[in-house]
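Read the structure below first, then the notes.
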Amino acid sequence: MRDFDASTLSNEEMNQSGPKTNYLLIDYENVQVKCLSALNGHPFKVLIFLGVNQTRIPVELATSIQALGSNAQYVPMSGSGTNALDFHIAFTVGQLAAREPDAHFHIISKDSGFDPLIEFARKQKLHVHRSKDVAEIPLLRLANAHSASEKVQAIVQNLELRRTGRPRVVKTLTNTINTLFRHSLEPAQLASLIRALEQDGHISIDNENVTFHLPTVS
């Protein structure tokens, strides 16, 4: 498994998962991910950023990384310093976004210092998000949402990340939710989720017009 260098990727390699690649950038100094099995069945390109003193990783993690083949790569730091790894992640996101602006970037870190950068990136119409754990990634939360409350939480997170272009009428919101769950829900289930969103205070409905009252998701 070679070390990562965005400049060496061909356009074909960068787009082999489709027009919108999902990049997972793990701040391993900050979050010691144990396993990547949650990614099974989902098209992610994984970059694991290692600090200079991180010379060993758990066997279970190494096994799950190896199972991803060329879609998972290590990014070892060549030097140390305050926030060195964070800057490296930020630089890599910029490097990749310059070549693939429609990609989605998921930073795994508990460090809220990324948030101003993420806010700035979103204003540039880039899709960047930070999660504290792999399981919190919006795409995975949608896929793993089984109970009604889990579905509502996943919908809220997805809608909050949109910031702009949110559906403004009930019919469009219903279609949006149906699309999020890959058209697997019955009309009664969709109506129930809309009611739950309203009852929980996430939306208010006035004559079929929808107003959002969503939390800030980092």
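The values are calculated or read from the model by the stated rules, or taken from the named source; none is laboratory data. Bear in mind the structure is a predicted one, so any value in this text is a computation, not a measurement. Neighbour counts run over all protein chains shown; Cβ positions are idealised from the backbone, glycine included.
Of the residues making up segment 28-69, those that are touching a residue at least 40 places away in the same chain (Cβ under 8 Å) and among the polar types (S, T, N, Q) are 30, 66. Counting just the residues of segment 1-38 that are of a type in the set (A, V, I, L, M) and over 18 Å from residue 106 (Cα atoms), which one comes out modelled with the lowest pLDDT? Restricting to residues being of a type in the set (A, V, I, L, M) and over 18 Å from residue 106 (Cα atoms), the top hit is 1. Of all residues in segment 107-123, which are more than 8 Å from the chain's Cα centre (by Cα) and either under 21 Å from residue 153 (Cα atoms) or in contact (Cβ under 8 Å) with a residue 12 or more places away in the chain (or both)? Hits for segment 107-123 are 108, 109, 110, 111, 112, 113, 114, 115, 117, 118, 121, 122.
A single entry from 132, 171 fulfils the requirement of being in contact (Cβ under 8 Å) with a residue 24 or more places away in the chain, out of contact with any strand residue (DSSP E or B) (no Cβ under 7 Å at 6 or more places or on another chain), of a type in the set (Lys, Arg) and under 22 Å from residue 27 (Cβ atoms): 132. Scanning segment 160-169 for residues that are crowded, with 16+ Cβ neighbours inside 10 Å and assigned to a loop (DSSP other than H, G, I, E, B) yields 166, 167. Residue count for segment 157-175 under the criterion of being modelled with pLDDT under 90 and of a type in the set (A, V, I, L, M, F, W, C): the result is 2. The single condition among (1) surrounded by 14 or more Cβ atoms within 10 Å (Cβ to Cβ); (2) in a helix (DSSP H, G or I); (3) out of contact with any Lys or Arg (no Cβ under 8 Å at 6 or more places or on another chain) that residue 130 does not satisfy is (2).
Helices (runs of 4 or more DSSP H) wholly in segment 29-126 with at least 1 residues that are basic (Lys, Arg) and under 20 Å from residue 139 (Cβ atoms) - which ones? Steps first, answer last, please.
On the way: elements: 59-67, 84-99, 115-123.
Passing ranges, in order: 115-123.
Any chance you could count how many residues in segment 170-217 are of a type in the set (Gly, Ala, Ser), in a helix (DSSP H, G or I) and farther than 17 Å from residue 158 by Cβ? Give the steps one after another, and end with the answer.
To start, the set of residues in segment 170-217 that are of a type in the set (Gly, Ala, Ser) comprises 184, 188, 191-192, 196, 201, 204.
Filter once more, keeping what is in a helix (DSSP H, G or I): 188, 191-192, 196.
Subsequent filtering for residues that are farther than 17 Å from residue 158 by Cβ retains 188, 191-192.
Qualifying residue count for the region: 3.
Keeping to segment 56-102, report how many residues are among the β-branched types (Val, Ile, Thr) and in contact with a strand residue (DSSP E or B) (Cβ under 9 Å, 6 or more places away or on another chain). The total comes to 6.
Candidates 192, 204, 184: the one that is outside the structural domain of residue 43 (by TED's automatic domain parsing), surrounded by fewer than 18 Cβ atoms within 10 Å (Cβ to Cβ) and in contact with an Asp or Glu (Cβ under 7 Å, 6 or more places away or on another chain) is 204.
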